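The values are calculated or read from the model by the stated rules, or taken from the named source; none is laboratory data. Remember, predicted model here, so these are calculated numbers, not experimental data. Here the Cβ is made from the backbone with ideal geometry for all residues, glycine too, and neighbour counts use every protein chain on show. When the accessible area is computed, the model is the full protein with side chains, heavy atoms only, and any ligands, DNA or RNA have been set aside. Shrake-Rupley method; radii C 1.70, N 1.55, O 1.52, S 1.80 Å.
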Amino acid sequence: MFSHFKYLIIGVLCFVTHTSIAQQHFEGINWGFKLGLLNNNFDSDVGPWTDPVALKETGNSNPFQKVGNIGIQLGGFIGYDFNDYLALQADLQYTHKGEEYTRASNQVYKVYSNGGSSSEEEFIRYQLRYIELPLAIRITPIRRFSIKLGISPGFNIYSKIKYNSWIEDSNNKLLNEYPFNQMEIDAVKQETDKVDFDYASPVIISGLAELNYNMKRGFLFISYNASFTDIFSVNKLNGYNYQTTDAYVSFGYGIRFIEY
């Protein structure tokens, strides 16, 4: 699917380049800013978090579940209007991407005053940050709606793994209260930590498609971005899979200024 998408984008860009050279009337420059939220997912499971052998070594056979990642996207853009229907646009944007895996702990539980309990949640988050430079054509078939198609190189500037764990909490006063003082339990508190994960590919190439709803000054957008290249520079690490692409859907608001 991605290969067809890639060829479509390349063909459209070639068409636009030819059209822009032949165009005799230049209408103006537009520029602005945009801000949005995105939901990002890896296209395959990575790491040992779903491998049965690795899970057995952790003492918890519950597999991790992939739950996605909510991030932000912000930046600016400049566009060249060839006419009322066709424009070329270049963006500079910061994108917060990643993936999260969660599972129920088999060692740490919440205990309630009525005697009930429930498992605490373990999580592992891949945190990736990019500076992206999308280049796209913008087609406006009718005044209110625009369609963007293009490519988006992304340059990795941050790559870490965040996870949680628990340590003993000897100062927890609930241990001295009923009914907890009648139970054979240890009080713990949650800690989170981050470690560097220096295997992110320095550059990834993605395709993008975006729909804009144009207003008097600003616009609403919904965008789909899918990488053609792997986001990690290794296919396997310690015997576990790290070969994956990623995709995200973003939506938000932009403001556009036009100069003639």
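Whole-Hz Karplus values for the range 74-84 come out as 8, x, x, 8, 9, x, 10, 8, 7, 7, 5 Hz, taken residue by residue from phi with 6.51 cos²θ - 1.76 cosθ + 1.60 and θ = phi - 60°; glycine and proline positions read x. By the rule of a C-alpha distance below 26 Å, with chain neighbours fewer than 8 residues away ignored, the lysines paired with K66 are K56, K97, K110, K160, K162, K189, K194, K236. Net charge in the neighbourhood of S119 (other residues with Cβ under 10 Å of its Cβ; Lys, Arg +1, Asp, Glu -1) is -1. Every Cα-Cα pair of the range 62-150 was included, and the share exceeding 21 Å stands at 59 percent. Residue-wise HN-Hα couplings along the range 116-130, as the Karplus relation 6.51 cos²θ - 1.76 cosθ + 1.60 with θ = phi - 60° gives them from phi, are x, 8, 8, 6, 6, 10, 8, 9, 9, 10, 7, 10, 10, 10, 9 Hz; Gly and Pro carry x. Residues W166, W31 ordered from highest to lowest accessible area at a 1.4 Å probe: W31, W166.
For the range 200-251 versus the range 62-139, the spacing of their alpha-carbon centroids is 10 Å.
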